[in-house]
Amino acid sequence: QVQLVESGGGLVQAGGSLRLSCTASGNIFRINTMGWYRQAPGKQRELVAAITRDGSTNYADSVKDRFTISRDNAKNIWYLQMNSLKPEDTAVYYCNAGVFTTSTNYKNFWGQGTQVTVSS
């Protein structure tokens, strides 16, 4: 079907930076929306950032001015550049995409998650 694979997570000290990548593969007609969510232990999963195929972006208030989402439509890859990281950014980060698998069949897909840990 469609598989999303995240990479780039790891351990970083407060104030540092990480870049996450998500690569989509499989039965893809067109990806319309791409995003990043995160879930901290004991917390609800939340939207971090999203981008549409035409480049429109949306960010959670907590990451505005620190994180940047971007995408390469031709390669089915999108990124989350995370700067000025804080301990409260620690979470499992999941990439997400809204995908037309055919011209009429639309479905939302999730990656497996990648751990981001920011030390205090």
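Just a few scattered comments:
- Chain lengthening between Phe29 and Lys107 when straightened (0.36 nm per residue, less Cα-Cα): 27.0 nm
- Taking only protein heavy atoms and a 1.4 Å probe, the accessible area of the chain is 46% carbon and sulfur.
- Its Cα gyration tensor gives the chain an equivalent ellipsoid; the semi-axes, largest first and in whole Å, are 25, 14, 12.
- Surface per residue (accessible, 1.4 Å probe) for the chain, Å²: 52
The values are calculated or read from the model by the stated rules, or taken from the named source; none is laboratory data. Everything quoted here is computed from the prediction, not taken from an experiment. In case anyone asks, the SASA skips ligands and DNA or RNA and just uses the protein heavy atoms, side chains included. Shrake-Rupley method; radii C 1.70, N 1.55, O 1.52, S 1.80 Å.
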